[in-house]
Amino acid sequence: MGLEGYVLYVSLTQSSANSHVADIRKRLESDAVARYFPDLAEPLIGKHNNQYGWRQDFLMTKGGWAIRPIGLDVAVRGFREGDLRPTLIVFDDIDDHSLSLSAVKSNLDIIARSIIPAGTQDTIHLVAQNLIAEHSAVNQIYTGKSDVLKGIIPSVYPAFENLVIETNIDEVTGKSSYEITAGTPTWPGMDMT
């Protein structure tokens, strides 16, 4: 790898973003990463032998990769790490099916005015979540209903092929529920459970 990088991991809430970064930390500390990418598996150690950024809210690896979680529910500013601007911005779990249209618009505004400008023209943007609702932020980005990330060529990778979903209606309440009854996972390690 040999290159420095700075990742912003953006989620709907700071708590969710922190959780994702905690999962990344666990993976970085794994034996496999240590074996093949030792500089990613260790925290950066400062001049006075202190760990620099191996916390829930910020990771800084010995190899020069920084990862910062960002929640759309908190004030967002000051994303630089030294002179390094974000080289990768990951959007994951930025939607919730219960969000109102005005909340979705507000989140899209935060992304457009605060998050994306933190990068450069070479920053890579990755959206790592499902299209969960017609009015959701990610669906608006994907369909072009929003100008956020306009001009980016979107690619959608399905989690399942030949998916069959059964609709069940509770006779008492009238509420619908959905169950996946058949399909073939497209991602390694995923099964039908």
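Quick one: count up the residues across the stretch 169-189 that are open to solvent by less than 70 Å² (accessible area, probe 1.4 Å) and closer than 22 Å to Asp96 by Cα.
2
Any chance the stretch 110-118 includes a residue that's touching a Lys or Arg at 6+ places or on another chain (Cβ under 7 Å), touching a residue at least 60 places away in the same chain (Cβ under 8 Å) and not acidic (Asp, Glu)?
yes
What are the residues in the stretch 21-50 that are in contact with a strand residue (DSSP E or B) (Cβ under 6 Å, 6 or more places away or on another chain), buried (at least 18 other Cβ atoms within 10 Å of the Cβ) and either outside any strand (DSSP E or B) or hydrophobic (A, V, I, L, M, F, W, C) (or both), if any?
Once the filter is applied, which keeps residues that are in contact with a strand residue (DSSP E or B) (Cβ under 6 Å, 6 or more places away or on another chain), buried (at least 18 other Cβ atoms within 10 Å of the Cβ) and either outside any strand (DSSP E or B) or hydrophobic (A, V, I, L, M, F, W, C) (or both), the stretch 21-50 yields Val21, Leu40, Leu44.
Please work out if Leu72 is open to solvent by 40 Å² or more (accessible area, probe 1.4 Å) and in contact (Cβ under 8 Å) with a residue 24 or more places away in the chain.
no
Looking for something in a helix (DSSP H, G or I) and touching an Asp or Glu at 6+ places or on another chain (Cβ under 8 Å) - is there at least one such residue anywhere in the stretch 52-73?
no
Could you check the stretch 100-128 and list, in sequence order, the residues that are open to solvent by 40 Å² or more (accessible area, probe 1.4 Å) and assigned to a loop (DSSP other than H, G, I, E, B)?
Within the stretch 100-128, Ser100, Thr120, Gln121, Asp122, Ala128 meet the criteria.
The values are calculated or read from the model by the stated rules, or taken from the named source; none is laboratory data. This is a predicted model, so every value here is computed, not measured. Positions of Cβ are generated from backbone atoms using ideal geometry, with glycine treated the same way; all protein chains shown enter the neighbour counts. These accessible areas exclude ligands, DNA and RNA; they are computed on the full protein's heavy atoms, side chains included. Shrake-Rupley method; radii C 1.70, N 1.55, O 1.52, S 1.80 Å.
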